[in-house]
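The values are calculated or read from the model by the stated rules, or taken from the named source; none is laboratory data. Since the structure is predicted, the reported quantities are computational estimates derived from the model, not experimental observations. Every residue, glycine among them, receives a Cβ derived from its backbone with ideal geometry; neighbour counts consider all protein chains shown.
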Amino acid sequence: MKWLLIFSTIVVVILVIALWLLQPMTINLAYYLWWRTTAAATEGNIVSREANIHYVTYGSGLPILLLHGGLSHRLIWFSQVPWLVNSGRQVILLDTRGHGESELGDSELSYRLLAADTIQVLNQLGIQKTDIIGWSDGANTAMLLALDWPQRVQRIIAVSGNSDPSGLTLAAQVDGQVRSSGLTHWFYRWWTGAGDRLDQLETRIRKLWQTSPQLKSVDLRKIDTPVLVIVGEHDLITLDHAEQMARSLPKGQLSIIPDGGHMTIFTRAPEVNRLIGNFLDISTYQHK
């Protein structure tokens, strides 16, 4: 009994230390989960290319669309949603096909398909033009929206996105070809919201990463939308690539998060949110 008490105490201490070290991420997640219990939400589905795409909206005011990355789902915006809603924005979240509560469908994955799904959601909600924050694959989709549907996009914040596969670090290129297994596989079942369809989703999305996107400098120069490119100093996207993207965009800006990795939207939320607030003229950001 004494050893059990000692062991339990050690486990609790380790958990407390881990939670402390992971601040502000753990605080933001806990706050979001509490906030979501009372926040008024509108949820729905649209059918796009034979797949049900799930969306959720919070708040009212000028719309802002949040696009998550591959092998994640809409939960990853826990550090941004309450703040944006409280600042007077209508926040639109969707689970991209195969992720969260959205169906995968039978179509081969492409960023243009994900962009078309997104337009269908905006049409359903009657939103003609919106700001967009995209992370990773979501940033890539946002760039295609600005290229193919420029009249629907006000401003873009592209966090940790790439315009072609050469922009990935060598480690990211290798990792992108390796299927998850063991505990990582079970984590991804939850993190993506895909559950039993994770194997199918991984096969298609890792194939996508090897060949896409394919936006050349000439394509980026056609995007007249103001774009803030955010990249971590130690991101899965090379700094040279991010700098080239920002230079190629007529109204591009670049911000580098010192010592940041690929997950800065929640691991470095205070810095990222300040950049978002400055770029979108949102002055109410307060970090708890």
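It is to be established whether one or more residues within the range 267-287 are small (Gly, Ala, Ser), assigned to a loop (DSSP other than H, G, I, E, B) and at pLDDT below 95. Checked against the condition, which is being small (Gly, Ala, Ser), assigned to a loop (DSSP other than H, G, I, E, B) and at pLDDT below 95, the range 267-287 yields at least one hit.
In this structure, is LEU21 surrounded by fewer than 13 Cβ atoms within 10 Å (Cβ to Cβ) and either at pLDDT below 95 or under 20 Å from the mean Cα position of the chain (by Cα) (or both)? So LEU21 fits the description; yes. Regarding GLY126, is this residue surrounded by fewer than 23 Cβ atoms within 10 Å (Cβ to Cβ) and either hydroxyl-bearing (Ser, Thr, Tyr) or farther than 23 Å from MET25 by Cα (or both)? When the stated conditions are applied, GLY126 passes them. The set of residues in the range 219-268 being more than 17 Å from the chain's Cα centre (by Cα) and charged (D, E, K, R) consists of ASP219, ARG221, LYS222, ASP224, GLU233, ASP240, GLU243, ARG247, LYS251, ASP259.
The residues on offer are ARG89, ARG49, ARG97, and the sole one that is crowded, with 20+ Cβ neighbours inside 10 Å and closer than 22 Å to PRO213 by Cα is ARG97.
Among the residues of the range 210-230, those that are surrounded by fewer than 21 Cβ atoms within 10 Å (Cβ to Cβ), outside any helix (DSSP H, G or I) and of a type outside the set (Ser, Thr, Tyr) comprise GLN214, LYS216, ARG221, LYS222, ASP224, PRO226. Filtering ALA158, ALA139, ALA146 for residues that are among the hydrophobic types (A, V, I, L, M, F, W, C) and out of contact with any helix residue (DSSP H, G or I) (no Cβ under 9 Å at 6 or more places or on another chain) leaves a single hit, ALA139.
For every residue, the table says whether it meets (1) touching a Lys or Arg at 6+ places or on another chain (Cβ under 8 Å); (2) of a type in the set (A, V, I, L, M); (3) at pLDDT below 95.
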{"position": "LEU33", "(1), (2), (3)": "no, yes, yes"}
{"position": "GLU43", "(1), (2), (3)": "no, no, no"}
{"position": "LEU62", "(1), (2), (3)": "yes, yes, no"}
{"position": "LEU67", "(1), (2), (3)": "no, yes, no"}
{"position": "ARG74", "(1), (2), (3)": "no, no, no"}
{"position": "VAL91", "(1), (2), (3)": "no, yes, no"}
{"position": "ASP95", "(1), (2), (3)": "yes, no, no"}
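Once the range 106-160 is narrowed to residues that are within 17 Å of ILE64 (Cβ to Cβ) and among the hydroxyl-bearing types (Ser, Thr, Tyr), the residue that is nearest to the chain's Cα centre (by Cα) is THR141. Taken as a whole, the range 187-202 holds no residue that is over 19 Å from the mean Cα position of the chain (by Cα), in the same structural domain as ARG247 (by TED's automatic domain parsing), in a loop (DSSP other than H, G, I, E, B) and farther than 25 Å from PHE266 by Cβ.
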